[in-house]
Every structure is written in structure tokens, then in C-alpha cells.
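Working notes, structure below.
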Amino acid sequence: MSASKTPEDLRLETRLARQLAATDPTYGAAAPPIYQTSTHTFANWDAVAHAFDDRANTAFYGRQLNPTVQLAQQTLAQLAGAESARLFGSGMAAISASLLASVSAGDHIVSANGVYGPAGRFMADWLPVKAGVTTTFVQSMDPAAFLAASTAKTRVIYLETPSSGLFELQDIAAIARLVKEAGKQHIIRIIIDNTWATPLKQQPLQLGADLEIHSASKYLGGHSDLIAGVVLGRAELIESLTNDEAELLGARAAPLDAWLLLRGLRTLPWRMQAHEENGLAVARWLEGHPKIRQVRHPGLPSHPQYALAQQQMSGSSSLFSFELDTDELDSIKRFFDSLMLFGRGVSWGGHESLIFAPAISALKEQTPERFRAMGLNLSDMRVSVGLEHPDDLIADLAQGLEQI
Ligand SMILES: Cc1ncc(COP(=O)(O)O)c(C=O)c1O
């Protein structure tokens, strides 16, 4: 690097690939070390006392701060254009801590319909009973619905766009603008789960959100080998989350997971480019197949909110769903079981393609009527398109569709 170039001058791909803050002057290690330690020791009383006072920013005890975790946090903050980041032990830990940090007993949340199941359950079932906090779920495609559902007790608007079940979008900038214009100062926070798009395809903090959350277990890690979550936002919000919810609830990220996440982040821009291209290639092919009723992918012109997707995101990822043109369970199962290149299981955003049928889990938890009211069908298939060659994936889907 020339002497005149600072890391901030470099493009994101270069900064992620090189992670310059991780330079190791002692051994010149190309990969940063894993600080696999629970605690840190100091030379004397005064040094311990000083570290204790600043334990949110000093390596003192591993639940609060670990140097490998800190490096991952700094890299994630740069990636999202956020002042600060806090890593948690899972995406759900990041979501529950962010919500708990924003409400008190008696408060109210307005959430988009169809958010990630456990996040919805936390708001619908857990918070009212354990914390006296209620939530109204609204039709997420109408920005005005969020304001209309708010009360004087509303503290949080919770979004997930695109949603990971129905791939519905919310207009982040319009919702933020409406909140501001209405002068609703009691709505202290817009919190958004941005896992689907990653910060590379959507920057919610720039559109008016206050806290941006990711399940780092998906694209950010990218290799299906870690569970972690991150919250991004203004430094004072992240510091308060660090001192209170992270410290007291204790769902910290492990050093090894943070190290794996740093490894994944080095290739994120290139992986996302391949995920986007592969996902669209597979989705377009499915859309043209006579045995497919519909494809739900925000990057396809057939998506009902395609215009908003184009305006709000700079691209797409590779999680989407499609509906088989049959309602016969045996036929649906034959298709599902016949695939050779799609792992049958939950999660998404990894190097390998996965398939899941919402009916497998939702029909155990919901009545068929409620299942349909959620906008789901028996023959819905959700796929996460990985880094394989798209022609191989298409050939596999083609032979699967012959089973119907
Ligand atoms: C959209 C979304 N948000 C959050 C989560 C929760 O993340 P984690 O599994 O890391 O707790 C998931 C997990 O599948 C998800 O799909």
C-alpha cells in the first residue's frame, strides 16, 4: 500500500480481503490469531482497575470483549457503514437483546407480518407474558399501516425486508419518514432484520433504521459452520446494548465463531455475486417450467414489489420459494426426496444449496386454515441456492420435477 493511502481509501472488497487491522507485527500471520481465552490479566492494581472501568472496550473478561470478537465487530461495522457493532451468540440472541433493550413493561411494538418464526413468537408469546410488552403485527407492504397500528406506548417498529418466509418487502425509508413526519417521538427505534440482503445489497441504517440485525449464521459466515448474530448502529446504542443486555443476558459470541466469521467475510462480496447470479438463474428457469405455479423472488420482475426491491436494494441474494403445481402430498414428497444436490434441511446462506418445505414444520404447529392464512401452501419449497454451478442445480431440479 502506498504511504498516502489509508485503509479508508480502499474499496470494500480490498478491506474485507485483507482485514488490515488484523496485521500481526510479531509473526506476520496471514490469518489473525484466535484469542481462545476467557479472561485477561494485568500488571498491577491500577491496570486492573482501569480495565474494569472500561470493560466494554478493553479485553478484560471474555463475556464482554474478546480481541477476535472485537476484530469481527470492527469488520462488520465497516461493512454496514455503522458506527459500531456488537456480536452475539446467535441471530436470535441479537434480536431478543435488541428488543429487550428498547422496551419496558407496558410498552408496545409494531411488527411486520411474517417475520422469522422465533422472532415473531418472541414478540407474540414471550414478551407479553414475561415482560408485559405487546405487539401488533401489520400487513407489511403498506408503510402507513405501521403508523396506524401505533399507540402512545409504541416504542419499536420491527421490520424484516425481504422477509425470509414470504419474501415481502417493507419500504424502510417511507416508514422512517412517516414516523418522523408524525412527530411520534415515543417511537424510539426502527429495528430491522437485514439477513436476507446482507449489508452489500441493502443499507438500512442509511435509509433511516436505528438498529440493523443479521443472523451471521447465514451469508456473513457463509460456510454453514457457525452460529452468531450481530447488531449494528450508533455507538451510544451499541454501547448501552453491550453494557446491559449483552452483559446481563450473556449471549456472547465465541472466539472461534468470530474467527470463522472473519474468514467468511474475506470473500463475502464475491460469494454474494455468485449467490445472486446462481439464485436468479435457478429462479428464472423455475419460473418458465410448466410444473411450477409461482416463484417468489424479489429479484424477478414478476415479484409484486419488484420496483421497491430495485429502489431499496442494490441486488438480491439467493433465498426464495416456489410452488409446485400439485396439491398431492405423495407427489410433493417424491420431488423433495429425489433431489441430489439440495441438502434437505433448515438454514440458508451457505456455500451449499439447501431445500426446505415450510409445510414440514408449520403444519405441525398450525392448523391447515392458519397455515393457508399465513400465505403458505402445501407444495411451497424454499431453496437457498449455493455456489455450485447453476446448470447442475437446474438439471437436478429438472429430474425432480419429472417425479411429479
Ligand atoms: C431471517 C432470519 N433472522 C434471524 C434468524 C435467527 O438466526 P440464528 O439462527 O443465527 O439465531 C434466522 C434463522 O434462520 C433467520 O432466517
For H303, the lone unmet condition from (1) open to solvent by less than 20 Å² (accessible area, probe 1.4 Å); (2) under 22 Å from A80 (Cα atoms); (3) not in a helix (DSSP H, G or I) is (2)
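Kindly check whether there is at least one residue in region 226-240 that is within 16 Å of the ligand (Cβ to nearest atom) and either in a helix (DSSP H, G or I) or within 22 Å of E388 (Cβ to Cβ) (or both).
Filtering region 226-240 down to residues within 16 Å of the ligand (Cβ to nearest atom) leaves 226-232.
Adding the requirement that they be either in a helix (DSSP H, G or I) or within 22 Å of E388 (Cβ to Cβ) (or both) leaves 226.
Yes.
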Name every residue in region 20-61 that is among the aliphatic types (A, V, I, L, M), in contact with a helix residue (DSSP H, G or I) (Cβ under 6 Å, 6 or more places away or on another chain) and within 21 Å of L248 (Cα to Cα), in order of residue number. A56, A59
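From the residues in region 22-36 that are in a loop (DSSP other than H, G, I, E, B) and in contact (Cβ under 8 Å) with a residue 12 or more places away in the chain, which one is surrounded by the most Cβ atoms within 10 Å (Cβ to Cβ)? Talk me through it step by step, then tell me what you get.
Of all residues in region 22-36, those in a loop (DSSP other than H, G, I, E, B) come to 23-36.
Keeping just the survivors that are in contact (Cβ under 8 Å) with a residue 12 or more places away in the chain gives 31-36.
Numbers: A31: 12, P32: 19, P33: 15, I34: 17, Y35: 17, Q36: 12.
So, considering only residues that are in a loop (DSSP other than H, G, I, E, B) and in contact (Cβ under 8 Å) with a residue 12 or more places away in the chain, the one surrounded by the most Cβ atoms within 10 Å (Cβ to Cβ) is P32.
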Residues being within 13 Å of the ligand (Cβ to nearest atom), open to solvent by less than 10 Å² (accessible area, probe 1.4 Å) and not in a loop (DSSP other than H, G, I, E, B) - total across region 203-225: 3
Just give me the residues in region 44-81 being touching a residue at least 40 places away in the same chain (Cβ under 8 Å), open to solvent by 30 Å² or more (accessible area, probe 1.4 Å) and among the polar types (S, T, N, Q), in sequence order. Q74, Q78
Note down all Cβ pairs under 8 Å where the first residue falls in region 88-100 and is more than 16 Å from A124 (Cα to Cα) and near the ligand (Cβ under 8 Å from one of its atoms), the second is open to solvent by less than 30 Å² (accessible area, probe 1.4 Å) and of a type in the set (D, E, K, R), and they're at least six residues apart or on different chains. G91/D193; A94/R86
Which residue is farthest from the chain's Cα centre (by Cα), if the candidates are limited to region 105-158 and must be away from the ligand (no atom under 16 Å from the Cβ) and polar (S, T, N, Q)? T151
Six or more apart or on different chains, Cβ under 7 Å: which pairs go from a residue in region 320-348 that's under 30 Å from L226 (Cβ atoms) to one that's within 16 Å of the ligand (Cβ to nearest atom) and of a type in the set (V, I, T)? Could you list them? F320/V383; F336/I355; L339/I355; F342/I355; F342/V383; R344/I355
Tell me, yes or no, whether region 42-55 has at least one residue that is farther than 20 Å from R18 by Cα and within 16 Å of the ligand (Cβ to nearest atom). no
Take the residues of region 329-352 that are more than 16 Å from the ligand (Cβ to nearest atom) and farther than 20 Å from N377 by Cβ: which is most open to solvent (accessible area, probe 1.4 Å)? M340
Inspect all residues belonging to region 188-202 and state whether any of them is among the acidic types (D, E), touching a strand residue (DSSP E or B) at 6+ places or on another chain (Cβ under 9 Å) and open to solvent by less than 10 Å² (accessible area, probe 1.4 Å). no
Subset of region 367-386, residues surrounded by fewer than 16 Cβ atoms within 10 Å (Cβ to Cβ), assigned to a loop (DSSP other than H, G, I, E, B) and on the phi < 0 side of the Ramachandran plot, comes to T367, M374
Residues that are in contact (Cβ under 8 Å) with a residue 40 or more places away in the chain and touching a His at 6+ places or on another chain (Cβ under 7 Å), drawn from region 142-166: T151, K153, T154, R155
Taking first residues from region 239-250 that are at negative phi and second residues anywhere that are hydroxyl-bearing (S, T, Y), the pairs with Cβ under 9 Å that are 6 or more apart or on different chains are E239/S84; L241/S98; T242/S84; E245/S96; E245/S98; L249/S96
Residue list for region 86-106, restricted to those being open to solvent by 10 Å² or more (accessible area, probe 1.4 Å), closer than 26 Å to A149 by Cα and of a type outside the set (A, V, I, L, M): S96, S104, G106
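Looking at S140, is it at pLDDT below 95 and open to solvent by less than 50 Å² (accessible area, probe 1.4 Å)? Full working, then the answer.
On the way: at pLDDT below 95: yes; open to solvent by less than 50 Å² (accessible area, probe 1.4 Å): yes.
Taking the combined requirement at face value, the residue satisfies it.
The values are calculated or read from the model by the stated rules, or taken from the named source; none is laboratory data. For clarity, every value in this text was computed on a predicted model and none was experimentally measured. Neighbour counts are summed over all protein chains in view; Cβ atoms, including those assigned to glycine, are modelled from backbone coordinates with ideal geometry. For accessibility, only protein heavy atoms count, side chains too; no ligands or nucleic acids. Shrake-Rupley method; radii C 1.70, N 1.55, O 1.52, S 1.80 Å.
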